[in-house]
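Novice: Sharing a structure, written as structure tokens. Questions coming.
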Amino acid sequence: MSPRKEESKPLLSPPPFAVVAFLLSVLMGSIVRGQEDRTLAKVSTQSQQVGTSAISVELRETSNLSIFAVRGLPNVDRLRTLDAEQLSKLVTIRVQPIKGDVVLPSLLGTFSFVDGELLFQSRFPLSDSVRYQVELSSQLDDPMRILPSLLFSTHPKPKLPAASVSAVYPSSDVLPENLLKFYVHFTAPMSRGEAYQRIHLMHGNNEVKSPFLALGEELWDTEQTRFTLFVHPGLVKRGVKPREDSGPPMSSGNEYSLRIDSSWQSADRQPLASTYVKKFRVVDADDQQPNPTTWKIGTPKANTTEPVTLTFDESLDHAMLNRVLVVRGPSGIRIEGDTTVEQHETRWSFKPANPWKSHDYRVEIATNLEDLAGNSLARPFETKIVDESDQNDRAKVATQIAVDFFVQ
Amino acid sequence: MLRRKSSWALSLALLIPCAYLSADSGMKEGTPDMKHAGAMAFAPHGVLLVGDTVGAAIFAIDTGDNQAAATAASVNIEKINEKVAAMIGSSAEETVINDMVVNPLSGNIYLSVSRGRGPSAAPVIFKADAKGALSEVSLTKVKFSKAAFANAPDSKEGARNPRMSAITDIQYMDGKVVVAGLSNEEFASKLRLMNYPFDGNEQSTSVEVYHGAHGKLETASPVRTFVTYENSVLAAYTCTPLVNIPIGDLKPGTKTQGKTIAELGNMNQPLDMIVYKKGDQDYLLMANSARGVMKLKLSKNDIEGTKAITSRIADTAGLPYETIKDLKGVVQLDKLNAKQAVLLVSNEGRQDIRTIDLP
């Protein structure tokens, strides 16, 4: 194998850059889904000579394109007549196997010829989690000579500072026995697929066995900075087999902790900065729906941007408090502003973007708003079935309620 | 995921409304703006339905794969996750196979894959033919249609949508696409019913399903996986009961009550199910996270005759089931043909595709 020579040219001098940019733009126009690449200025190349032959392979990369260019090929005109499958037998580009005995399929990508070079654009930009090997068939050169394969690696992406847990909700350290879910917030996007190995419910030094609803489709927000962790509903619900067999995962009067391991990896594959522990005490189950008649409203003054506030007699769901309350002004116009949830999710406040006017306003609240045990304004987590008419009555529950207030 | 029904009479009844539809009904040519390829199912004519949890939509893609296979063949692909990862230029650790379905017309196997584990992971769909040869299913310049969820999160926060609905299963049924999902905020039990071909104005509707069991306590637990059987939906819930819901009861905007017909046990999650026929007997085969692969005898009479489980649970409550001892680590399954099933088997980071005779 030839010694590995890599040279990186972050910024090419004008003539070659113009050529590469032209080639890449031609390729992008035909191959990449019509997306404009604004990162061409960052073309980097790595070039390697194939043994003593005239053939060399160059890897040209931008942030979203990776192209292997094979130069110095003899008989290019003959090669042009070959189809992609035939070409891939002469120039094979694949991930280098971790164990030598495995033959991995070659990379998805597209061949083309430009100015006497054979170009292979990989279907995806190269990953820094593997190395790539370029194998050239001896048929390309002197049939008697065995051409070495060349190894390439993409430049490792710059690592962000290690992520950490920024908050866990409910934020209170007193939680009901039938708590239904936690939200874990991170400072940076996290990696999917390991959540349930990294989160533990501890009772003293003992881990509670399988307390959570472990789903292949882990429940993240789009940025993967917030993870929703449901307690296994079969353990929360009364009368179902998991709970009959194991009992509830947490029992009133005891202390528990939620432990989040630092080995949990962020999206750029770094562990968390530290292990996070949330300690809490468990009290009796909450079987009651939130009761809006006990809520207190704090009314702002006209011509100010003081917040309007709602104070509840229990903690409600942090995520839903941020989503399902809407403030409307005269004629039902939605008022823009910022929502804050505080005091262990017992207080919601809304600061308008523009000063209040002297008018009637209302807060609309979707009745799917839940407390910590999954009891919503519309229905308790568990409902006793009395008869069919009872069932039908519940189907008629309003989808929202309103709290009116007057600003003066 | 589509499971061919054991009742051919029912299948015929389901296909009649679509007989006049071509594969590309309601489709246009282009590149679907798919952000994630998760749960999948096949609609008629080789149309692949793909659930996009991140984009809150279902895509219907005309694969053009609509010719019957010449002969039924066993497909076995060792280390499928390593092979798929190599083709997309990545490592097995950075590659996730989200779902596996069989095209009932051709017998080809389809895999939905994420390239990467972060929020910018790219969706890729692969096809494995009867010889086990893998190829990418192109999502560029294809005929497709899209149904966005009617109550997708609003965009007031720009690109960031904290609320998502994870799509846990999809099935095509009688001119409709049925979608089971799980919200990452409210605890809700919803089966979305969408007309297929999608009717463009997002007239998707949602149905809340309650199951009245457990000493007359009911909750709205989410559905994890489901199949259709004899004009009913058999749904496995996250709290692990198996529930029967008559399809006629699934009316948009209503809440309906299912019947718990089996309890599947503790420390366990149902993963995937198929219905098949052997001799004159119908069976349900179910992969589970901790309790292996279960086989249940099914019949309309049994389901109707089974007393709903409404009291404290004995281990054998409801329909009896057996656990297939030889099958371990099965995370996905689908019917390959009348006699065989194809499995995605996971074991310590390695995943294999295996074909078995239906048990």
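Read-outs throughout are calculated quantities, based only on the coordinates presented, and are distinct from any laboratory measurement. Everything quoted here is computed from the prediction, not taken from an experiment. With ideal geometry, Cβ positions are generated from the backbone for all residues, glycine too; neighbour counts draw on all protein chains shown.
Novice: Using r as the Cβ-Cβ distance of residue A:167 and residue A:360, and R0 as 51 Å, what FRET efficiency do you calculate, to the nearest 0.05?
Specialist: Once rounded, the FRET efficiency stands at 0.90.
Novice: Taking Rh as the Kirkwood radius computed over C-alpha pairs, what is the Stokes-Einstein D of the range A:292-406 at 10 °C in a medium of viscosity 1.306 mPa s, expressed in µm² per second?
Specialist: 104 µm²/s
Novice: Per residue of the range A:220-226, in order, report the coupling 6.51 cos²θ - 1.76 cosθ + 1.60 (Karplus, θ = phi - 60°) as ³J(HN,Hα) in whole Hz, putting x for Gly and Pro.
Specialist: Whole-Hz 3J(HN,Hα) from phi for the range A:220-226: 10, 7, 5, 8, 6, 10, 10.
Novice: Using the 2.2 N^0.38 Å rule of thumb for compact globular proteins, work out how the range A:174-283 stacks up: its C-alpha Rg over that value, please.
Specialist: Scaled against compact globular proteins, the figure is 1.09.
Novice: Continuing with the same structure: List A:275, A:154 from most exposed to least, where exposure is judged by having the fewest other Cβ atoms within 10 Å.
Specialist: Ascending Cβ contact count within 10 Å gives the list A:275, A:154.
Novice: Enumerate the residues in the range A:321-357 having an amide nitrogen under 14 Å from the point lying 7 Å beyond the Cα of residue A:299 toward its Cβ.
Specialist: A:357
Novice: For A:344, A:318, which order do you get if you count the other beta carbons within 10 Å of each Cβ and list the fewest first?
Specialist: With the fewest neighbours first, A:344, A:318 line up as A:344, A:318.
Novice: With 18 Å as the limit, write out which pairs from B:176/B:339; B:141/B:176; B:190/B:277; B:83/B:131 have Cα-Cα distances beyond it, or answer none.
Specialist: Pairs exceeding 18 Å: B:176/B:339; B:141/B:176; B:190/B:277.
Novice: Rounded to the nearest 0.05, what FRET efficiency do residue A:206 and residue A:174 have when you use their Cβ-Cβ distance and R0 = 22 Å?
Specialist: With a Förster radius of 22 Å, E is 0.55.
Novice: With r as the distance between the Cβ atoms of residue A:288 and residue B:322 and R0 = 56 Å, compute the FRET efficiency 1/(1 + (r/R0)^6) and round to 0.05.
Specialist: Step by step, r from the Cβ atoms, then E = 0.85.
Novice: If you don't mind, another one. Rank the residues A:45, B:323 as a footprinting-exposure proxy: fewest other Cβ atoms within 10 Å of their Cβ go first.
Specialist: In order of increasing Cβ crowding within 10 Å: B:323, A:45.
Novice: Now a separate question. What residues qualify as long-range amide H neighbours of residue B:181, i.e. H under 5 Å apart, gap of 5 or more or another chain, H built at 1.01 Å from N?
Specialist: Excluding prolines and chain starts, which carry no amide H, the hits are B:168, B:190, B:192, B:223.
Novice: Which whole number gives the average, over all residues in B:176-186, of C-beta atoms from other chains lying within 10 Å of the residue C-beta?
Specialist: Mean shielding by partner chains, rounded to a whole number: 5.
Novice: Another question, then. Stretched out fully, how many nm does the piece from residue A:139 to residue A:339 gain, at 0.36 nm a residue minus the Cα gap?
Specialist: 65.2 nm is the gain from fully extending residue A:139 to residue A:339.
Novice: Note the count of lysine pairs whose C-alpha atoms are less than 30 angstrom apart in the range A:292-406, limited to pairs 8 or more residues apart or on different chains.
Specialist: The result is 7.
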